[in-house]
Amino acid sequence: MEARSIMAKDTDINGAKASRRDWIGLAVIALPCILYSMDLTVLHLAVPQIAETLKPGSSALLWIVDIYGFMVAGALITMGTLGDRIGRRRLLLIGAALFGATSVLAAFSTSSEMLIFARALQGLAAGSMSPSTLSLIRNMFRDDAERSFAIGVWVACFSAGAAIGPLVGGVILNHYWWGAVFLINVPIMLLLLALGPALLPEFKDENAGRLDILSAAQSLVAVLAIIFGIKRIAEHGWGLLPAVAIGMGLLVGVLFFRRQAVLADPLIDVRLFRMPGFTAALSINVVAIFVVFGMFLFIAQYLQLVLGMGPLEAGIWTSPSGVAFALGSMAAPFLVRHFHPRIVITCGFLISAVGFAMLTQLGSTETPWLLFTGMMVFCLGLAPIGAITTDVVMTEAPPERAGAASGISETSFEFGGALGMAVLGSILTAIYRDVMAGEVLAGLPAESADAAKDTLGGAVAMARELGGADGDALLATARAAFVHAFEVTAGLSALGAISAALVAAVLLRKIAR
């Protein structure tokens with residue numbers, strides 16, 4: 001089946017041109033997009049202060065960090081469909097009010113349990129705002145070229161939010177207590193609530209039917225279980241608990257899709273997956289985010305644990321990657337005016353493979369410049385891909401199903417990120433442990449040696465305790481093992497990017513310009 005044109009080569013009008021109100025509305029939509037992604041990263045720098053103040057256990061600390069992303073991922077599909085039914089602007093504003101209120105709750109949490117609860121509600125609120133923003137763009141911008149540009153802005157806002165999160169967090173934490181990283185959300189949400197009703201139009205599917213509660217529960221359980229299992233593998237390796245979680249999630253997911261096929265008013269129209277462009281775009285989304293998220297997990301560790309940078313300094317070195325992604329996203333509609341989307345995506349993956357290949361030489365330098373250069377190259381290569389594939393998804397879906405399609409699209413990003421951290425993280429950890437297993441660590445008792453051989457963070461902590469020449473030797477050994485593991489994983493990412501380029505070249509042949 002031929003896909004409809006996703007990005008106009010010229011100025012042909014395929015739909016009504018957007019009004020001034022629509023363009024101002026796009027600026028309003030940018031507010032929750034930036035905050036949504038910023039909240040994924042801004043908390044990381046506050047973790048030491050939270051640990052000191054609330055004294056959570058190791059498990060509770062992981063839940064404080066992870067529960068936000070879990071709830072976002074689990075809510076996207078349901079909230080996207082709910083917006084189709086009750087109105088996308090209405091759901092966006094409800095989510096904004098909830099996000100502001102739960103940010104206050106998180107800021108003044110007096111226990112780890114209270115903070116986990118607040119972060120879970122924050123994730124639910126973010127999950128309701130995000131698909132509403134994308135589906136509103138689908139309805140506000142009818143012209144192909146304008147919609148493509150607007151989606152590029154939308155993707156760029158997410159990249160910008162993730163990039164400035166560590167910087168904003170570092171500045172705030174230098175002057176205020178940890179709760180202030182949440183309070184910055186409140187005035188922005190109030191601004192959205194004030195401007196949204198006047199500047200954003202309302203859209204909903206008048207024939208959407210009722211929301212199937214069982215389907216909503218199934219989608220939530222399936223997504224949460226699978227992503228929980230994947231993240232557990234990334235953090236602790238393979239085990240019974242993550243295997244059971246992933247198995248249960250897959251089973252519930254199968255039951256969910258079977259139910260959608262027979263419902264009169266399905267949560268997801270399974271016919272969307274029969275559209276070659278729709279399915280191909282989702283697959284490419286997963287692969288692109290897979291390599292990006294996995295690699296950034298290692299980059300942060302390399303800068304802090306190998307080169308010895310503090311969190312804020314590491315954030316400064318990585319923040320240009322967000323600028324690269326934002327510029328690449330904005331450039332996407334201009335690139336496809338001159339080149340077929342298949343060419344842009346294929347070349348983007350090949351360029352990113354060059355960047356990953358550069359990271360296989362980190363052992364030859366002790367400065368961050370090679371890492372920085374390789375990071376910028378793979379970011380510039382991958383940057384346009386998200387905007388193009390998102391536009392494919394939103395164009396393939398009928399306008400009345402824009403909310404559901406946006407939820408599916410963003411869920412593919414969440415799965416890609418979780419898979420990248422789990423699979424590549426497991427590979428890097430396994431290589432590190434294999435190298436360290438053959439090392440004799442002088443001066444350490446057996447238990448401490450095991451901790452040092454398990455993770456680089458454990459080795460750094462043990463080296464500080466040991467001190468002296470033995471501590472220096474342990475640190476040098478562990479860092480060399482990590483760099484070797486990083487290089488091998490970067491090489492695998494390069495091969496993955498090349499494979500993705502070949503897949504994109506084949507699957508996107510029928511996508512019209």
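Quick notes on this one:
- Screening the candidates 452, 505, 469 for the property of being assigned to a helix (DSSP H, G or I), modelled with pLDDT of 70 or more and out of contact with any helix residue (DSSP H, G or I) (no Cβ under 9 Å at 6 or more places or on another chain) yields one hit, 469.
- Pairs, first within 16 Å of residue 127 (Cβ to Cβ) in segment 88-116, second not in a helix (DSSP H, G or I), C-beta under 6 Å, six or more apart: 88/203
- Looking across segment 475-489 at every residue that is touching a Gly at 6+ places or on another chain (Cβ under 8 Å) and among the aliphatic types (A, V, I, L, M), the one that is surrounded by the fewest Cβ atoms within 10 Å (Cβ to Cβ) is identified as 480.
- Residue 141 assigned by TED's automatic domain parsing to the domain that holds residue 30, aromatic (Phe, Trp, Tyr) and within 18 Å of residue 33 (Cβ to Cβ): yes
- Residue in segment 79-89 that is basic (Lys, Arg) and out of contact with any Ser or Thr (no Cβ under 8 Å at 6 or more places or on another chain) present: yes
- Those residues of segment 134-184 which are free of Cβ contacts under 8 Å to residues at least 24 places away in the same chain and among the aromatic types (Phe, Trp, Tyr), in sequence order: 176
- Restricting segment 256-309 to residues that are in a helix (DSSP H, G or I) and charged (D, E, K, R), the residue that is surrounded by the fewest Cβ atoms within 10 Å (Cβ to Cβ): 274
- Condition met for residue 78 (crowded, with 22+ Cβ neighbours inside 10 Å and touching a residue at least 12 places away in the same chain (Cβ under 8 Å)): yes
- Search result, residues across segment 74-118 that are of a type in the set (D, E, K, R) and closer than 29 Å to residue 204 by Cα: 84, 85, 88, 89, 90
- Of the criteria (1) farther than 22 Å from residue 70 by Cβ; (2) touching a helix residue (DSSP H, G or I) at 6+ places or on another chain (Cβ under 7 Å); (3) assigned to a loop (DSSP other than H, G, I, E, B), which one residue 157 fails: (3)
- Yes/no for residue 492 being modelled with pLDDT under 85 and either in a helix (DSSP H, G or I) or not hydroxyl-bearing (Ser, Thr, Tyr) (or both): no
- Options 415, 372; residue that is aromatic (Phe, Trp, Tyr), modelled with pLDDT of 85 or more and part of a helix (DSSP H, G or I): 372
- Some residue of segment 324-341 being of a type in the set (Lys, Arg) and surrounded by 19 or more Cβ atoms within 10 Å (Cβ to Cβ): no
- Within segment 209-255, being part of a helix (DSSP H, G or I) and among the basic types (Lys, Arg) holds for 231, 232.
The values are calculated or read from the model by the stated rules, or taken from the named source; none is laboratory data. The structure presented is a predicted model; accordingly, all values stated were derived computationally and were not measured. Here the Cβ is made from the backbone with ideal geometry for all residues, glycine too, and neighbour counts use every protein chain on show.
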